1. Have a look at P55, P38, P31 and point out the one that is surrounded by 17 or more Cβ atoms within 10 Å (Cβ to Cβ) and under 24 Å from V195 (Cβ atoms).
2. Return the pair list, or none, for Cβ contacts closer than 7 Å from residues in the range 1-26 that are closer than 17 Å to L131 by Cβ to residues that are of a type outside the set (S, T, Y) and part of a loop (DSSP other than H, G, I, E, B), at least 6 apart or on different chains.
3. So is S68 in the same structural domain as I10 (by TED's automatic domain parsing), in a helix (DSSP H, G or I), free of Cβ contacts under 8 Å to residues at least 12 places away in the same chain and surrounded by 15 or more Cβ atoms within 10 Å (Cβ to Cβ) or not?
4. V220 is checked against (1) out of contact with any Lys or Arg (no Cβ under 9 Å at 6 or more places or on another chain); (2) at pLDDT below 95; (3) under 23 Å from V161 (Cα atoms) and fails just one. What number does that condition carry?
5. Of all the residues that make up the range 109-148, how many are within 30 Å of T245 (Cβ to Cβ) and either surrounded by fewer than 14 Cβ atoms within 10 Å (Cβ to Cβ) or touching a Phe, Trp or Tyr at 6+ places or on another chain (Cβ under 9 Å) (or both)?
6. Looking at the range 279-291, I want the residues that are outside the structural domain of L174 (by TED's automatic domain parsing) and under 14 Å from F362 (Cβ atoms) and have a partner that is surrounded by fewer than 24 Cβ atoms within 10 Å (Cβ to Cβ) and of a type in the set (K, R) with Cβ atoms under 6 Å, at least 6 apart or on another chain. Which pairs are those?
7. Looking at the range 79-99, can you tell me whether even one residue there is touching a helix residue (DSSP H, G or I) at 6+ places or on another chain (Cβ under 8 Å) and surrounded by fewer than 17 Cβ atoms within 10 Å (Cβ to Cβ)?
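The values are calculated or read from the model by the stated rules, or taken from the named source; none is laboratory data. Please read all numbers here as calculations on a predicted model, not as lab measurements. When we count neighbours, we look across all protein chains shown, and the Cβ atoms used for this are built from the backbone with ideal geometry, even at glycine.
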Amino acid sequence: MELTPESKAIVAATAGVVAAHAEQITRVFYPDMFAAHPELLNVFNAANQAIGEQPKALAASVVAFAVSLIDPDAPDFGPVMRRIAHKHVSLGIRAREYTIVGRHLMKAVGTVLGDAVTPEVAAAWDEVYWLFGTTLIAEEARLYALGGTDPEAPWRPYRVVERFEESDEVFSLLLAPVSGEVPAHRTGQYVAIAVDLPDGRRQPRQYTISSGPRGDSLRVTIKRVRGVDGAPDGQVSGWLHENATPGTILDLSQPAGDVVLDDSDAPLVLVSAGIGITPVAAIMEDLSRRQPDRTVRLFHADKSHGHHALYAGLRRQVLAMGDARAQNWYEEAAETAPTLHPARSGFMDLSDVEVPSEATVFMCGPLPFMQIARRTLIDRGIPGDSIHYEVFGPDLWAQNPV
């Protein structure tokens, strides 16, 4: 996967200018594309558009990909590409939509950069985009085939079998396919749920499968999003909170996600905050069945014990395993929880906890939380390539390296 020599020279000469204006370009691109193709509003997360996260993520990804094409010392873009492909498959993105995106993206480049975009510059960056796009199209086709999904009909009906109130803000749904079995999936993956909202829009949101592989059903655990600082409440989580009761039919994607439980017996460290506990719950359910003697350390931060979703099941699994231990941190420390180790007050601090040597680390939570945790673990000798993370929403890690 290489640029032509002519395009490579042009991209090398113009990458700095494009990078400096990349976010501005995507802010022009999205409104223009949605005006011409309003049907795509049903694919993209409107909340991420409103707060600017989707444009930032797209800008960072395209620039990083371009740099990987011209700089032999640039980080491997393959992992980022695979992560994007999984996200796209969960949203039902189709190959023909790359043509629409490419046309409007290149139009936005011309709008923002003006006369600097000569025909030669436009051709070089068009080549970058299509190397980017065709690589994703191929990987997404592979994922659709593995999942047995027709990309023209990516949604499958599931019935809510049971609902569990985990806390005031968090609830779990046990979901079973209306027909057939749950597609094979790996522990740590997620599904998208598409909801038809009262205003006529259809919106997808991704939720971690918070149970281990079962075959006949899966569980998702959802936090009702409350708006802060004037932001509106989450529309999809709010709709599901009010309407997803036993018997409700929901449209789900095939399972997707590249951050999954490995099959080794290496020590495992699980670091989470808030609703980031959901992949941890799936991992623990799986391990307690398949590898009950594996060394596991759970570190979780939450507002309070009352906000700690899925706590009871996790505690049972820790108690049942041979070498599993848990430590929690609660911002509100006035209450006492029946933990194996008393919860600590305040924010998580991993500087003095037991971290097994040669451990694999899995993290899930807000980006700033994970950056601090990663930095602390690296300072303690954990190699960076042994630390894996899952981000809910657009992946802005590349914008905020640690």
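1. It is P55.
2. Note: pairs meeting the criteria are V11/L3.
3. Criteria met by S68.
4. (2) is the only condition that V220 fails.
5. 1
6. Matching pairs, first to second residue: L287/R294.
7. yes
Every residue, every condition in (1) hydrophobic (A, V, I, L, M, F, W, C); (2) under 24 Å from V195 (Cβ atoms); (3) surrounded by fewer than 17 Cβ atoms within 10 Å (Cβ to Cβ); (4) at pLDDT 95 or above, yes or no:
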site: I10; (1), (2), (3), (4): yes, no, no, yes
site: A15; (1), (2), (3), (4): yes, no, no, no
site: N45; (1), (2), (3), (4): no, yes, no, no
site: L105; (1), (2), (3), (4): yes, no, no, no
